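The values are calculated or read from the model by the stated rules, or taken from the named source; none is laboratory data. Everything numeric in this text was worked out from a predicted model, so none of it was measured. Cβ placement follows ideal geometry from the backbone for every residue including glycine, while neighbour counts extend to all protein chains displayed.
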Amino acid sequence: MSTDEKTIEKLANSEYKYGFVTDIEMESAVKGLNEDTIRYISAKKKEPEWMTEWRLKAYRYWLTMTEPGWQNVRYNPIDYQEIIYFSAPKQKTKLANMDEVDPELIKTFNKLGIPLEEQKLFAGVAVDAVFDSVSVATTYKAKLSEFGIIFCSMSEAIQNHPDMIKKYLGSVVPYTDNFFAALNSAVFSDGSFIFIPKGVVCPMELSTYFRINAENTGQFERTLIIADERASVSYLEGCTAPMRDTNQLHAAVVELIALDDAKIKYSTVQNWYAGDVNGVGGIYNFVTKRGICRGRNSKISWTQVETGSSITWKYPGCILQGDNSIGEFYSVALTNNMQQADTGTKMIHIGKNTRSTIVSKGISAGRSNNTYRGLVKISPNAEGARNYSQCDSLLLGDKCGAHTFPYLEVDNPTATVEHEATTSKIGEDQIFYLNQRGIATEDAVNLIVNGYCKEVFKELPMEFAVEAQRLLSVSLEGSVG
Amino acid sequence: MPENSKLNLDRGYKTMLLSVKDLSVSIDNKEILRGINFQVNPGEIHAIMGPNGSGKSTFASVLAGRTGYIINSGEVIFGGKNLLELSPEDRAREGLFLAFQYPVEIPGISNATFLKTALNEIRKYKGEEELDAMEFLALMKEKMKLVGMDSALISRPVNHGFSGGEKKRNEVFQLTVLEPRLAILDETDSGLDIDALKIVANGVNLYKGDSREKSVVLVTHYQRLLDYIVPDFVHVLYNGRIVKSGGKELAFELEEKGYDWIKEENKEPAAV
């Protein structure tokens, strides 16, 4: 084995520093899924009847569906009756303010680098902290409400803003969309709800931090972001989970809605536990994320840095309905050890002069497999639509795989669609060259990988770009030689 | 300058910068270097010449620590340390610099970022304070002027899309910024036109200056580089051995007569 490969392997085997478990009294549903489970979840959350019905409809539809098998990933069948669908830290009364959050939870989030006390947060970032099935705290709510901005947990939104939920929930990702979206619609527990009113530019970054803690529990969160006319918001989600040797399912649904001249920027730094060197344990991250540029001149931009999960399966996409609307997708997906990722985007051009940009950077190390899958669809009415796609794959070592499946459907002759793809390998020559200038191999790999991802990192909010770089180097630790 | 025959003998071991003794190296079961003896004192310029395939580039690569070579025997001491036990990056940090025959392209990393990282790694190793962005920028500007480096090349990815001449100039630019104790130039003159050759040679001379500390080993096939960088010693490497050593006049002799007479003098008995 060359030194190059040895270092790649060493880098790959670094510790996952978020793998701890919080010892806290939990209240959980019994294992398994049936209509009673759904009624239990709905009752726990004191939901109105219409919401319970909505869930049941989704569940009944889900029963008619079969799990998709077309992804370029392999895993043992999931037993949906072995999963716990609701799990929440026990709390006696409703919280009046942050001081009443269980100190154990505050400690947990502190340990994850997400302090829930407002004054300690990154300047200008509001956080919704979700622990297993429930949101435990949302910061800066009061300040945001001065601008008319609603930033709260999905449970609260169902209670307090039923009209908006009825209007928008499932409007971008209906429960009929796919197997996991139907499952999520039936059993979703919590997540974040954001509404930015007309003409308001959100004065701070909004962020949700998802933490899976309980064993054998699935996390099914639901996020809904609405930017009204001329509104603008930047949102970031982060996630971690304890190290366990069983797989856990995370099946989220995220819906974004941008009205006329609105802008939504959605960034993800995904760091779910990835399983060990031999692929034991880790999160199955099966997520449906979609935004609709419903209004003219609106813009939705997805940026994702995917380093965790045993299996990642997701395609954050944009439906470009409004004329002149813009969709963007910037992605870095890193797989190491036995990780598998099948990720990409969908850009559906409907309106005239709609534009989309796709920049995907896949990095494969260890014995992992990394697939880019993307659809660019230009509908017959999308006069003058334009798409530019760039899909780059970087291989570290010779036991990993990179795959690219671009789908182009162009039904309008005035459209311009460009697709570029490259595959490269970090060569021993490159490493030796950097070594010869005094740079150690791990640093050399980090330099090369960070350089390779620069185009995507520059799309992330400042603090998170730094975090993403650090995360990438941790994920690669032990992976090169 | 010592006489050819007494070469290397008068020079004390203790002050020696590089001492190679009986170095034998194989690659893919083929012996490429077969007992090399070679010494460099601080401040000296050596040229290693020889026909193609004689082992010149292998020698340079082994000194720099490239993997894939098997060291069969021998010892290399650099600045008092056992060079062969050091990792490639530690060799670089100890002050051994290799200007590559084929500089490697590294897309995505700007020349400036690369060089700042390298310089600070070396400084850290030596217990010196790292340079901040402003200090580094000032240093770069000074050195760019020195070697006539185009400022556009600094912000471009390392060697990416550079012409052959630009790549070689970049090597010499790095040399002047990193200021190692020993610069090994592996066929840096190959593929350069006369103007580029002058610029590169000028850079090496500026690096060396009249320093009694910095040393240079030029690995080259042709004499013409030696018109611009004048060596103190010239060695001829043939069939994995240094078969002849002399002063700079040896280079002229080789230029005039070619390598055939060397081959003739060192003819091996036919293999069985």
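Those residues that are crowded, with 18+ Cβ neighbours inside 10 Å and either closer than 28 Å to B:Thr176 by Cβ or basic (Lys, Arg) (or both), I need them from segment B:222-247; list them, please.
Within segment B:222-247, B:Gln223, B:Leu225, B:Leu226, B:Ile229, B:Pro231, B:Phe233, B:Val234, B:His235, B:Leu237, B:Arg241, B:Lys244 qualify.
Are any residues in segment A:49-63 surrounded by 15 or more Cβ atoms within 10 Å (Cβ to Cβ) and either aromatic (Phe, Trp, Tyr) or not in a helix (DSSP H, G or I) (or both), and if so, which ones?
A:Trp54, A:Tyr59, A:Tyr61, A:Trp62
Would you kindly identify the strands (runs of 3 or more DSSP E) lying entirely within segment B:15-99 that contain at least 3 residues that are aliphatic (A, V, I, L, M) and more than 14 Å from the chain's Cα centre (by Cα)?
B:18-27, B:30-40, B:70-78
Can you work out which of the residues in segment A:293-327 that are small (Gly, Ala, Ser) and modelled with pLDDT under 95 is nearest to A:Thr268 (Cα to Cα)?
Among those that are small (Gly, Ala, Ser) and modelled with pLDDT under 95, it is A:Gly308.
Confirm whether A:Ala468 is buried (at least 22 other Cβ atoms within 10 Å of the Cβ) and in contact (Cβ under 8 Å) with a residue 24 or more places away in the chain.
Here the answer is yes, as A:Ala468 does meet what is asked.
Please give the number of the condition B:Val230 fails out of (1) farther than 24 Å from B:Gly53 by Cβ; (2) touching an Asp or Glu at 6+ places or on another chain (Cβ under 9 Å).
(2)
How many residues does segment B:64-93 contain that are out of contact with any strand residue (DSSP E or B) (no Cβ under 6 Å at 6 or more places or on another chain), within 14 Å of chain A (Cβ to nearest Cβ) and either of a type in the set (Phe, Trp, Tyr) or under 23 Å from B:Ile122 (Cα atoms) (or both)?
11
State whether the residues of segment B:176-193 include one that is away from chain A (no Cβ under 14 Å), touching a residue at least 24 places away in the same chain (Cβ under 8 Å) and touching a Ser or Thr at 6+ places or on another chain (Cβ under 7 Å).
Scanning segment B:176-193, I find at least one residue that is away from chain A (no Cβ under 14 Å), touching a residue at least 24 places away in the same chain (Cβ under 8 Å) and touching a Ser or Thr at 6+ places or on another chain (Cβ under 7 Å), so the answer is yes.
Whether any residue in segment A:121-137 is at pLDDT 70 or above and of a type in the set (Asp, Glu) is what I want to check.
Yes, segment A:121-137 contains at least one residue that is at pLDDT 70 or above and of a type in the set (Asp, Glu).
What are the residues in segment A:157-209 that are more than 16 Å from the chain's Cα centre (by Cα), outside any strand (DSSP E or B) and of a type in the set (D, E, K, R), if any?
Those that are more than 16 Å from the chain's Cα centre (by Cα), outside any strand (DSSP E or B) and of a type in the set (D, E, K, R): A:Asp163, A:Lys166, A:Lys167, A:Asp177, A:Lys198.
For the structure I just gave you, tell me whether A:Val359 is modelled with pLDDT of 90 or more, part of a strand (DSSP E or B) and over 24 Å from A:Phe457 (Cα atoms). Let's see the steps before the verdict.
Details: modelled with pLDDT of 90 or more: yes; part of a strand (DSSP E or B): yes; over 24 Å from A:Phe457 (Cα atoms): no.
So A:Val359 does not fit the description; no.
Return the residues of segment A:44-81 that are among the aliphatic types (A, V, I, L, M) and either at pLDDT 90 or above or within 18 Å of A:His161 (Cα to Cα) (or both); say none if nothing qualifies. Full working, then the answer.
To start, the set of residues in segment A:44-81 that are among the aliphatic types (A, V, I, L, M) comprises A:51, A:56, A:58, A:63, A:65, A:73, A:78.
The answer is A:Met51, A:Leu56, A:Ala58, A:Leu63, A:Met65.
Pick out, from segment A:364-481, the helices (runs of 4 or more DSSP H) lying fully within it that include 1 or more residues that are more than 10 Å from chain B (Cβ to nearest Cβ).
Passing ranges, in order: A:441-457, A:462-476.
Mind listing whichever residues of segment A:24-53 are within 22 Å of A:Leu249 (Cα to Cα) and touching a residue at least 60 places away in the same chain (Cβ under 8 Å)?
A:Ile24, A:Glu25, A:Met26, A:Glu27, A:Ser28, A:Lys31, A:Leu33, A:Thr37, A:Ile38, A:Ile41, A:Lys45
Would you tally the residues in segment B:190-235 being under 18 Å from B:Phe78 (Cβ atoms), of a type in the set (S, T, N, Q) and in contact with a Lys or Arg (Cβ under 9 Å, 6 or more places away or on another chain)?
Of the residues in segment B:190-235, 1 are under 18 Å from B:Phe78 (Cβ atoms), of a type in the set (S, T, N, Q) and in contact with a Lys or Arg (Cβ under 9 Å, 6 or more places away or on another chain).
Any residue that is within 30 Å of B:Leu254 (Cβ to Cβ) and either under 16 Å from the mean Cα position of the chain (by Cα) or within 11 Å of chain A (Cβ to nearest Cβ) (or both) - is there at least one of those in segment B:116-123?
no
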